[in-house]
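Novice: What follows is a single structure, and I will ask about it in a moment.
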Protein chains: 4
Amino acid sequence: MIRFESDYTQGAVREIIDALVKTNMEMTPGYGKDEYCLSAERKIKAALENDEVDVHFLVGGTQTNLTFIASAIKPYQGVICADSGHINVHECGSIEACGTKLLQIPSADGKITAREIYRIVSDHIEDVNREHAVQPGMVYISFPTENGTLYSKNELKDIYYVCRKFGLILYIDGARLGYGLASEENDLQMKDLPYLCDAFYIGGTKVGALFGEALVIVNDSCKKDFRYMEKQKGAMLAKGRLLGLQFDALFTDGLYLDISRHAVELAIRIRDAFTRRGIKLFYDSPTNQQFPILTKDQVDTLSKDFAFSPWCKFGNDFVVRFCTSWATDENDVDVLIKAIESL
Amino acid sequence: MIRFESDYTQGAVREIIDALVKTNMEMTPGYGKDEYCLSAERKIKAALENDEVDVHFLVGGTQTNLTFIASAIKPYQGVICADSGHINVHECGSIEACGTKLLQIPSADGKITAREIYRIVSDHIEDVNREHAVQPGMVYISFPTENGTLYSKNELKDIYYVCRKFGLILYIDGARLGYGLASEENDLQMKDLPYLCDAFYIGGTKVGALFGEALVIVNDSCKKDFRYMEKQKGAMLAKGRLLGLQFDALFTDGLYLDISRHAVELAIRIRDAFTRRGIKLFYDSPTNQQFPILTKDQVDTLSKDFAFSPWCKFGNDFVVRFCTSWATDENDVDVLIKAIESL
Amino acid sequence: MIRFESDYTQGAVREIIDALVKTNMEMTPGYGKDEYCLSAERKIKAALENDEVDVHFLVGGTQTNLTFIASAIKPYQGVICADSGHINVHECGSIEACGTKLLQIPSADGKITAREIYRIVSDHIEDVNREHAVQPGMVYISFPTENGTLYSKNELKDIYYVCRKFGLILYIDGARLGYGLASEENDLQMKDLPYLCDAFYIGGTKVGALFGEALVIVNDSCKKDFRYMEKQKGAMLAKGRLLGLQFDALFTDGLYLDISRHAVELAIRIRDAFTRRGIKLFYDSPTNQQFPILTKDQVDTLSKDFAFSPWCKFGNDFVVRFCTSWATDENDVDVLIKAIESL
Amino acid sequence: MIRFESDYTQGAVREIIDALVKTNMEMTPGYGKDEYCLSAERKIKAALENDEVDVHFLVGGTQTNLTFIASAIKPYQGVICADSGHINVHECGSIEACGTKLLQIPSADGKITAREIYRIVSDHIEDVNREHAVQPGMVYISFPTENGTLYSKNELKDIYYVCRKFGLILYIDGARLGYGLASEENDLQMKDLPYLCDAFYIGGTKVGALFGEALVIVNDSCKKDFRYMEKQKGAMLAKGRLLGLQFDALFTDGLYLDISRHAVELAIRIRDAFTRRGIKLFYDSPTNQQFPILTKDQVDTLSKDFAFSPWCKFGNDFVVRFCTSWATDENDVDVLIKAIESL
C-alpha cells in the first residue's frame, strides 16, 4: 500500500531529527525563551526581510488559529471566511468556543474575493439596526486554500485594501504555506506576506516538521501581550526549544522551500497523469493536493494499491484527494502514474 | 552553571529519542489513531490493571486540564481547588476562559481536605439563595502538589467519598505523578488511582518525555465524545504517533517509575544536605522539588555555581526551589551537596 | 404618521397596567418566587393541559434564547437553524458568545425541513473524521418564523421525529407565538406544543406585555438547575412579580389568544388589500407580519402617512414589512387600506 | 408581618407608575432610541454636570456588570475585587462565564484599598513568569458595598490614582448608589463620580424603579460599540422606553436623592435603636442596610412580627440584616424600634 491520503503521515526532515538527537540533553529555559527559538526567529525575519514582525511558535494549526483570532478580535465582532475554510468546518467549533461568530461566504474553490468582503462590511455599516448583528472584525483566508487553490498577489492586495479601509484584520492560515509558495503558478514571495496581511502562520506540521507552526504578527496592534493568550489557550509548549530547533532547521539554507518544491513537483506529475488519461480535476490546484473525479471502477482499481482520501460525490462519480508532501518518494509517484495510465 | 531550576529543561529519555529516529519515515494515520497510541494505551491499562478506563494523549498540562475540565463540568458549576493550585495561579485564567469559576480553598502546603470540600458543598446546598452562587461541580487536586507534598491513600479516599456523596467529579493533575508515586513516603500504587478519582493524567513532559500527558478517564459519564473536545481546544496532535511512542516507551519495563525514583532519590539527598546544615525546608516535600529557606548570603553564594528558582520571601529570608528530574546527573548533585555543606 | 413598523412600539394591555398599579406597593419575595409567578405558572400549565412542564419567566427573547440554549447544549455541539433564524442574524452573536456554533440551513421562507435536518445529522454521523466537526445537538425553529410563515402540525411532527431519533433537542422560539396560533391557516393548538418539542417560549413582549417571555421546558433532561443559568446570564429579574402578573393577566380568560387574533385579522385585511391592488407578497404569511413588494413610487407614496420597515431589495422593487399587533387600531388599518387602494 | 428583608420587595415610586400609565399607548421606536431615554440621559448628564459621558439603560445589576466588564476587559485580564463583592459571590459566575477571572482580595468590611490593589499589580509586573498568570485589567468596587459601608472621596481618589498609573479600568457597582450618596457620612456628590472612575452605574431596581440601572461610561476607550455588547448579552430591552421614563422620573426635581435620604434616615433610626439597646452592629454601616448581632432569643422574638435576612453566625450569636428602602413606611419603623427597645 502506497499512501497519498494526507501530508502529515510521516515524521520530520532529517535535519530536524539530527538536531533533536544532538540537543537532547542540553538544558534550556522553557516556554520559548531559549537560544533555538531566538535563532529560528532571526532566520524567519531574515527570510521575510523584515525585522519588525513578532514571531511565536505554536504546536498545531487549530491552536494557532484559535489563539490568534481570540487575541485579535473584540467580543461582538465576527470573522469573515469561506464556508469551506478550515476554521469553519474542521476545527470543531474552536473559534465559536472562544465566543466568536464566523461570517461565512459560499465558495466554490475555497477562495473569497475583495468584492464579497466589501459587500458584507458595507451592508453592515449601512444597516440602521447593525448593533443587532455581529460586526465584521477580521478576514480569514487560507494560502493555499483547503482545495489547493492559490490567491494571486493582486487578489491579496485587493482583499487587504478592503480590510484596511474598514479596519478589519486580515489573517492568513498558512498550514501549507510552503506548498503555495513553491507552486509554479504562484506569484508571491515569502517576503511579500508582511505587506499583504496583518498576521499569518508558516505551517510546519505539514511541511517538514514533526509539529509546529510559526505565527508571524505584522500589525503592531495585535502584538501586545500575545504570550498571555498563548499560555491561556494551552498553546505555550513547556520545552519550547523543540519548536525553535525545528524552524531553525527549516529556515537554514532555504530548506523550507526546497522540500515544498519537491512535493509540488510530484503533485503536478500526478495531476498531469490524470489529465493525460482524460480524468478531470475537481479543483484547479497548482499545489500539493490534487482532486481527480473518478468513476466507481477507477476508485476501486486504484484503492487496491494506493491510499487516498474520499472528498465528495459528483453526480455518480467520486472526487478523491491525493496528497504529496516533503516526504513523498519519487518511486511511489512513478508507480502511481503507471497505475493511472492503465486505468 | 549547574541547573536545578525546573524539571523540564532537558529533552527525553534515550528510549524515546531512539523510537523517534527509528519510526521517523513510517506512514501512520493521524490524530491518535495509530498503532503506537494503541500500544501505549494497552500498556497504561496494564499498568493500571484496568481495562475499562479511556486513555487520551495530549501535548501539555494546561491543555489537558482545560480540555478535561471544560468537557466534564456544567456551565453554572465551579471547580474546588487549593488557592495554590496550578489551574488557579499559573495557567493564565485558562479555566475561566472556558467559562468556569474556581472555588478556591486557602492552603498552606498545597493540599485541601475532605472536610473543607464537605463544608463548601454543604454550605451551598443549605443556602436558600444557592442559585445566585456557583454550584460546586468538581474537585481539582494535584499529586504531588505544586509544593511537592503528597496526599496519603486515606486522604484521597476521604476526598473521593465526599465527591461521590455529592456528585462532584474528582480530577487529579498528575503533571509530576511519577515523582509522587516514586516517593518513599507515598503509600499509593498507580493501579489504585482508578479507584480514587474520576480522572487523572500521567505527566510526561516533566517525567522523561519531550512533551505529552496521558489523560485517564475512569468515570463513564466523562468519556463520551471527549475527542470532540480535544479537537475543539486545539489539543489533538496531528501526528499523534509522537505521543503514542513516547508513552509506549515510558510504560515499557517500568521505565516511568524507574526514572522517577532516580529523581526523587537525588532530591532527598539534597534535602538531607540542607537539613544537616541546619537549613529549614518551607514545605515538607518527599518528592523531586525542595524548598529550602535561605539567607540572602546563602542565596548569593549558591547562585554563583547553581541555577534555582525564587519562590517567595519569608521574613528577611528567601524560599527557593531546587528541582531534580529523570535527567539529573548524580555528580551535579554531589557538587551541590558539597556547596551546601560549606555554606 | 400611522405606525406599522414593528409589533413592539406600544406598552401593554390594560389588564396588565391595572395589575401593575394595583400591586405596586405589595411586598413580595424576589426572583420569581412570588404568588403572581406561581399563579401565572398554574394558568400556563392549565392552558397547556400539562402539569409536568417547567415554566420560567424571563425579560426578553434574546435572553431567553441564549439562556436556554447555553443550558441545554454540550460545548462541542451546535444548533441547526435556518440562516434567517433570529439567533443567526439579529442577536449579535449571542449564541456563539456562549461558545456554540450555529449550523445554518439556507431557507427561502424562514422554515427548515425534517429532511434537511436528517441530512446534516446523518452526514455527520457517517463522517469518519466527525470529531473535527461540530456535532449537531439541537434544532432551533421559530413559530411563526421571522418571515411570518408557519409550520404545520405534520411538519413539526416530522422534525421532532428526526430530533428524537438522533437525540437532538428541539427548541421553538415563540416570540410571536400568539400570532401563529391565532392564524386561520394554523392547525396547532397551544396544548399540542409539549408533544412537539423539548422546549419553547411564549412571547409576551410582542404580544400584549410590557416585556417578558415564558419559557416552557418539557424535556426532563433540560429542567435541572435552570435557575442557576438564569442568574448567571443576568436573566433573573429581581422583582420577578412583574413578569408573573403580566403572564397571569395574559393567561386569564383567553386574553393571549384574543389579542393575537385581533392582530392577525387586521394583518390579513392589509394583505388582502395589497393583493386586490395587484401587489405581490414576498412571503406567504398568514400571521401579523406582511411583506409586500412595492415600487419605488409606491414606497414614497405610502411613506408620507405611514411608517413601515425596509426588508430587502427585489430587482428594482422593494420588499417592506407592515406589522400589526394586539394594540393596532382598526381605524388606522382602514386608513391604510384606503391608501393601498388608491396607489 | 412587617418586612425589612430586602430593598426590592415593592414596585416603584408613584411618579413612575403614573408615567407608565400615561404613556402606555404611545408608539415609540425600540431599543432605547426613544424620546424618554434621550430625556433621561439629558437629566442624568445634568445631574453629573458632565456632557461627555455615555449613558445606557439596562434592566438589572448582574446584567449591567457582566455586559460592561465583558466589553472593557481583554481575554487574558482579570478583575480585582473584594472577596465579598457581588460579582464574586452572588452572580452565579456570570463574569467567569464571559471568560474573565476574578482576582479576589480578602475583605472584612466589603472594601478594598489602593495599597492592596497596588501590591497585586506591582507583584504581577515584577513576576518574570507573569504571562503564566492573569494580568490585572480592572478594579471592581461597590458603592455602598454589600455590607453597607462607604468609600470616602480620598479613598476613591487613591484607588483611581493606582488604576490610572497602571492602566486599569475602575468600575463602580452602584446598585444602591442613592443610599450611599444620601448617607450623612458620605463626602461624595454624584457629580464627583466621573472624576473618580471610568464607569459606574446608578441603581434603579433598589432605589425607586420597577427595574433598571443607568450605566455611565466616562472613559472614552470603553464607549465604542457598547450597544453591540448590550444586544449580544440580551441586555437591550425591546421597549427601551420603559427604562427611559423611569430614570426620567427619578432624575426630575431631585427625586432619586430624596427617596434615598428617606431610606437612610429610617435605617439610621433603626441602627440607633439597636445601639441604645446595647446591641452591636457587625459592620459600621451608615446606609440603608444594618447588620445587628443578635442572640438566638432576640432573633426569635423579633421574627414573630418582622421579616429580616440571616447573614452569618458570630460565635453563638447571629448576624442578621435589616433593610430599608425608598418605600419603607415610617410607622413600620416606629413599631420595629419599640420592639427593639423591649428586647
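Coordinate-derived values only; no laboratory data. Computed from a predicted model, the values in this text were never measured in an experiment. Every residue, glycine as well, gets a Cβ built from its backbone with ideal geometry; the counts of neighbours run over all protein chains shown.
Novice: For chain A, build the charge dipole from Cβ charges (+1 Lys, Arg; -1 Asp, Glu) around the Cα centre, then report which of A:Phe274, A:Val89, A:Ala70 sits farthest towards its positive end.
Specialist: Final value for the positive-end residue is A:Ala70.
Novice: Any idea what % of Cα-Cα pairs in segment D:116-183 are farther than 16 Å? If you can, show how the numbers build up before the last one.
Specialist: On the way: 1206 of 2278 pairs.
Beyond 16 Å sits 53 percent of the P(r) for segment D:116-183.
Novice: With charges only on Cβ, +1 for K and R and -1 for D and E, what is the dipole size of the protein assembly as shown about its Cα centre, in debye, rounded to 20?
Specialist: 0
Novice: Below 14 angstrom from the Cβ of A:Arg115, what's the summed charge of the other residues (Lys, Arg +1; Asp, Glu -1)?
Specialist: 0
Novice: Can you pull out the GluC sites (Glu not before Pro) in segment A:27-94 whose DSSP state is coil and whose Cβ has at most 16 other Cβ atoms within 10 Å?
Specialist: A:Glu49, A:Glu52
Novice: Moving on to the next point. Over chain D, what portion of Cα pair distances is larger than 25 Å, expressed as a whole percent?
Specialist: I get 53 percent for the Cα pairs in chain D exceeding 25 Å.
Novice: Taking the simple approach of a point 7 Å from Cα along Cα-to-Cβ for both C:Thr295 and B:Asp258, what is their distance in nm?
Specialist: 9.2
Novice: Run through every distinct alpha carbon pair of segment D:206-343 and return the Kirkwood hydrodynamic radius in angstroms, one decimal place.
Specialist: Taking the inverse mean of 1/r over all distinct Cα pairs, segment D:206-343 comes out at 17.7 Å.
Novice: In whole Hz, what ³J(HN,Hα) sequence does segment C:228-239 give by Karplus (6.51, -1.76, 1.60; θ = phi - 60°), x for Gly and Pro?
Specialist: These are the phi-based 3J(HN,Hα) values: 4, 5, 3, 5, 4, 8, x, 10, 9, 5, 4, 8 Hz.
Novice: List the equivalent ellipsoid semi-axes of segment C:1-71 in whole Å, largest first, each obtained as the square root of 5λ for an eigenvalue λ of the Cα gyration tensor.
Specialist: 24, 21, 14
Novice: How far, in whole Å, is the nearest Cβ of chain B from the axis relating it by rotation to chain D, and which residue carries it?
Specialist: B:Glu96, 2
Novice: Largest first, please: the extent of the C-alpha atoms of segment C:196-236 along each principal axis, to the nearest Å.
Specialist: Projected onto its principal axes, the Cα set of segment C:196-236 covers 31, 29, 8 Å.
Novice: Also: Please get the size of the charge dipole for segment B:221-336, origin at its Cα centre, with Cβ charges of +1 on Lys and Arg and -1 on Asp and Glu, quoted in debye to the nearest 20. All intermediate terms of the calculation are to be shown ahead of the outcome.
Specialist: Values: 17 positive and 16 negative charges, 146 e Å.
Dipole about the Cα centre, nearest 20: 700 debye.
Novice: Across every pair of different alpha-carbon atoms, what Kirkwood hydrodynamic radius in Å does the protein assembly as shown reach?
Specialist: Values: mean 1/r = 0.0296 Å⁻¹.
Taking every pair of different Cα atoms in the protein assembly as shown, averaging 1/r and inverting gives 33.7 Å.
Novice: So what is the relative contact order for chain B, in percent, with contacts set as C-alpha pairs under 8 Å and at least six apart? It would help to have the intermediate numbers written out before the result.
Specialist: On the way: 648 pairs, mean separation 86.4, N = 343.
Contact order relative to length: 25 percent.
Novice: Same structure, new question: In the structure shown, do any of B:Lys74/D:Lys231; A:Lys239/B:Lys101; A:Lys233/D:Lys111; B:Lys233/D:Lys233; D:Lys43/D:Lys206; C:Lys280/D:Lys233 have a Cα-Cα gap over 27 Å, and if so which?
Specialist: Details: B:Lys74/D:Lys231 25 Å; A:Lys239/B:Lys101 29 Å; A:Lys233/D:Lys111 33 Å; B:Lys233/D:Lys233 24 Å; D:Lys43/D:Lys206 20 Å; C:Lys280/D:Lys233 38 Å.
Beyond 27 Å: A:Lys239/B:Lys101; A:Lys233/D:Lys111; C:Lys280/D:Lys233.
Novice: 7 Å from Cα along Cα→Cβ at both A:Asn154 and B:Tyr161: what's the point-to-point distance in nm?
Specialist: With each label placed 7 Å out from Cα toward Cβ, I get 7.8 nm.
Novice: I've got another one for you. Which of the trypsin sites (Lys or Arg not before Pro) found in segment B:261-321 are in a DSSP loop and have at most 13 neighbouring Cβ atoms, other than their own, within 10 Å? Mind showing how you got there, number by number?
Specialist: Working: sites: B:Arg261, B:Arg269, B:Arg271, B:Arg276, B:Arg277, B:Lys280, B:Lys296, B:Lys304, B:Lys313, B:Arg321; in loops: B:Arg277, B:Lys280, B:Lys304.
Passing sites in segment B:261-321 are B:Lys280, B:Lys304.
Novice: Which net charge results for the neighbourhood of A:Asp317, defined as the other residues with beta-carbon distances under 15 angstrom from its beta-carbon, given Lys and Arg at +1 and Asp and Glu at -1?
Specialist: Surrounding charge for A:Asp317 is +3.
Novice: State log₁₀ I(q)/I(0) for segment A:117-247 at q = 0.10 Å⁻¹ as given by the Debye formula over alpha-carbon point scatterers of equal weight, solvent excluded.
Specialist: Log-scaled intensity ratios, in q order: -0.39.
Novice: Lysines near A:Lys45 by alpha-carbon distance under 20 Å, same-chain residues fewer than 8 away left out - which ones?
Specialist: Filter leaves A:Lys33, A:Lys191, A:Lys223, A:Lys224.
Novice: So which residue, out of A:Asn154, A:Asn24, A:Asn316, gets the largest mean-square fluctuation from a GNM of chain A using Cα contacts under 10 Å as springs?
Specialist: A:Asn316
Novice: Going 7 Å from Cα along the Cα-Cβ axis for the label, what nanometre distances separate C:Ser122 from the same residue across the other copies?
Specialist: 4.3, 5.5, 6.9
Novice: Can I ask one more? On average over all directions, what projected area in square nanometres does segment B:1-139 have, based on the convex hull of its Cα atoms?
Specialist: Average projection, Cα convex hull of segment B:1-139: 13.0 nm².
Novice: Please give the FRET efficiency for B:Val335 paired with A:Lys33, using the beta carbon to beta carbon distance and R0 = 30 Å, rounded to the nearest 0.05.
Specialist: Values: r = 26 Å, r/R0 = 0.86.
Once the sixth-power term is evaluated, E becomes 0.70.
Novice: If you consider only alpha-carbon coordinates, what radius of gyration and Dmax does segment B:66-129 have, in Å?
Specialist: Taking only Cα atoms of segment B:66-129, I get Rg and Dmax of 12.4, 34 Å.
Novice: For segment D:239-284, what does the equivalent ellipsoid look like in terms of its semi-axes, each the square root of 5 times an eigenvalue of the Cα gyration tensor, given largest first in whole Å?
Specialist: Over the Cα atoms of segment D:239-284, the semi-axes work out to 35, 11, 6 Å.
Novice: What does the copy distance list look like for A:Ala307, label position 7 Å along Cα→Cβ, in nm and ordered from shortest?
Specialist: Taking the point 7 Å beyond Cα along Cα→Cβ, the inter-copy spacings are 4.1, 6.6, 7.0 nm.
Novice: For segment A:292-340, what does the equivalent ellipsoid look like in terms of its semi-axes, each the square root of 5 times an eigenvalue of the Cα gyration tensor, given largest first in whole Å?
Specialist: They are 21, 12, 7 Å, listed from largest to smallest.
Novice: Projected onto the charge dipole of segment A:205-343 (+1 at Lys/Arg Cβ, -1 at Asp/Glu Cβ, origin at the Cα centre), which of A:Val319, A:Ala307, A:Pro286 gives the Cα projection farthest towards the positive end?
Specialist: My answer, from the dipole projection, is A:Val319.
Novice: Further question on the same structure: Mind listing the long-range amide H neighbours of C:Phe306? Cut-off is under 5 Å, sequence gap 5 or more, other chains count too, H placed in the peptide plane at 1.01 Å from N.
Specialist: C:Ile2
Novice: Considering the convex hull of the alpha carbon atoms of segment C:171-267, report its projected area averaged over all viewing directions, in nm², one decimal. Please list the in-between numbers first.
Specialist: Working: hull surface 27.3 nm².
About 6.8 nm², averaged over all directions.
Novice: Mind checking which aspartates and glutamates have their C-alpha under 19 Å from A:Lys165, skipping anything on the same chain fewer than 8 residues away?
Specialist: Filter leaves A:Glu116, A:Asp123, A:Glu126, A:Asp127, A:Glu155, A:Asp198, A:Asp220, D:Asp225.
Novice: Another question about this same structure. Would you mind computing the Rg to Rh ratio of segment A:144-214 from its alpha-carbon coordinates, Kirkwood style for Rh?
Specialist: 0.97
Novice: For peptide B:221-229, compute the average count of partner chain beta-carbon atoms within 10 Å of each residue's beta-carbon. Before the final figure, lay out the partial values.
Specialist: Numbers: counts 0, 0, 0, 1, 7, 2, 5, 12, 6.
Across the residues of B:221-229, the mean count of other-chain Cβ atoms within 10 Å is 4.
Novice: Once the other residues with Cβ under 10 Å from the Cβ of D:Leu215 are scored (Lys, Arg +1; Asp, Glu -1), what is the net sum?
Specialist: Overall, the nearby charge balance is -3.
Novice: Any idea what the relative contact order of segment D:7-120 is, in percent, if you count C-alpha pairs under 8 Å spaced at least 6 apart?
Specialist: Values: 71 pairs, mean separation 20.5, N = 114.
Computed value for segment D:7-120: 18 percent relative contact order.
Novice: For an R0 of 35 angstrom, estimate the FRET efficiency from the Cβ-Cβ distance between A:Glu126 and D:Val21 and round to the nearest 0.05.
Specialist: For R0 = 35 Å, the calculated efficiency reads 0.35.
Novice: Hey, got the dipole for chain C? About the Cα centre, +1 on K and R Cβ, -1 on D and E Cβ, debye to the nearest 20?
Specialist: 440
Novice: Just to be sure I understand the curve: with the Debye formula and one point per C-alpha of segment C:259-305, what is log10 I(q)/I(0) at q = 0.15, 0.30, 0.33 Å⁻¹?
Specialist: Values, matching the q order: -0.41, -1.11, -1.17.
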